[in-house]
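A quick write-up on the structure given underneath.
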Amino acid sequence: LFFVLGISLFACSQIAAARREEAEGRLETMFALPVARRAWLAGGLLLGAAASAVLAVGAGLLAWAGAASQGADVPFLGMLEAGANCLPVALLFLGLGALAFALVPRAAAGLAYLLVGLAFLWELVGALLGAPGWALALSPFHGVGLVPAQPFELGAALVMLALAAVAAAAALEAFARRDLASG
């Protein structure tokens with residue numbers, strides 16, 4: 001789960017970087033050129049998703065290398081699957097962060113980090129507090145199978161990816177319609 005947390009926080013950093021560009025006035029110059037707002041944000045989201053995928057696969061490779069160096073019999077493909085297992089949650093937070101950036105730009109980075117922190121905290125302490133299963137399932141981290149010890153949770157991953165896509169599409173539309181927010 002800590003790899004999932006780390007990669008999710010990385011996804012939030014992409015939203016913070018986009019907000020920094022806007023706050024520093026760099027977007028005004030860029031959008032004066034023939035660069036469409038949707039294309040700029042979509043490019044940033046695709047770059048963030050690709051970088052998250054590289055981090056996730058890299059985490060799986062490094063975990064496999066560390067286990068193999070200690071003589072553990074951990075399958076290579078199982079560890080790659082474990083790395084890829086981080087992506088649905090990270091992409092969900094990237095999409096939600098992008099939607100926050102499009103709707104409330106000044107608070108977007110803080111909201112994105114807050115969502116990740118609250119979801120992770122709920123995953124850690126919700127069961128200890130005796131929360132019912134439906135309440136625990138509110139955390140995206142709850143839908144992560146601890147691969148390779150547990151199976152990949154395909155259903156939960158597909159739901160998270162669908163929600164990420166809807167949030168990203170809504171973010172692209174909202175960002176194209178709002179004014180830039182400096183400072």
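Kirkwood radius for region 109-182, taken over all pairs of different Cα atoms as the inverse mean of 1/r, rounds to 14.5 Å.
Zone of Ala174 (label point 7 Å along Cα→Cβ, backbone N under 14 Å): which residues in region 92-108? Correct set: 93-108. The GNM of the chain, with springs linking C-alpha atoms under 10 angstrom apart, assigns the highest mean-square fluctuation among Leu163, Leu103, Leu121 to Leu121.
For the chain, what does the helix formula give at 222 nm: sum of -39500 (n - 2.57) over DSSP H segments with n ≥ 4, over the residue count, nearest 500 deg cm²/dmol? The partial results should precede the final answer.
On the way: 8 runs with 134 residues, N = 183.
Roughly -24500 deg cm²/dmol at 222 nm, from the helical runs in the chain.
Among Ser69, Ser139, Ser13, the residue with the largest mean-square fluctuation in a Gaussian network model of the chain, with springs joining Cα atoms closer than 10 Å, is Ser69. Within the listed set Leu55, Leu129, Leu94, the Gaussian network model of the chain (springs between alpha-carbon atoms below 10 Å) gives the highest mean-square fluctuation for Leu129. Here's the picture: charge each Lys and Arg Cβ at +1 and each Asp and Glu Cβ at -1 in the chain, and of Gly6, Leu111, Cys86 the one pushed furthest to the positive end of that dipole is Leu111. Under the simplified labelling scheme, the Val74-Arg26 pair shows an inter-label distance of 3.6 nm, with each label point 7 Å from Cα along Cα→Cβ.
Look at the alpha carbon pairs under 8 Å that are at least 6 residues apart: their mean separation over the length of the chain gives a relative contact order of 34 percent. Spin-label model, Ala16/Gln150: points 7 Å from Cα along the beta carbon direction are separated by 2.8 nm.
For Ala137 and Ala107 in one chain, what is 0.36 nm times their gap in residues minus the Cα-Cα distance, to one decimal in nm? Walk me through the intermediate numbers first.
Numbers: separation 30, 0.36 × 30 = 10.80 nm, distance 2.59 nm.
Length difference between fully extended and current span is 8.2 nm.
When the accessible area of the chain is computed with all protein chains present and a 1.4 Å probe, what percentage of it is carbon and sulfur? Walk me through the numbers before you get to the answer.
Working: 6780 of 9390 Å².
Ligands and nucleic acids excluded, carbon and sulfur reach 72 percent.
When all alpha carbon pairs of the chain are counted in 10 Å bins from zero, the resulting P(r) reads 10, 34, 30, 18, 7, 1 %.
The values are calculated or read from the model by the stated rules, or taken from the named source; none is laboratory data. Model, not experiment: these values are computed from the prediction. FYI the Cβ positions are ideal-geometry reconstructions off the backbone, even for glycines, and counts take in every protein chain you see. The protein model used for the area step is the full one, side chains on, heavy atoms only, and it has no ligands, DNA or RNA in it. Shrake-Rupley method; radii C 1.70, N 1.55, O 1.52, S 1.80 Å.
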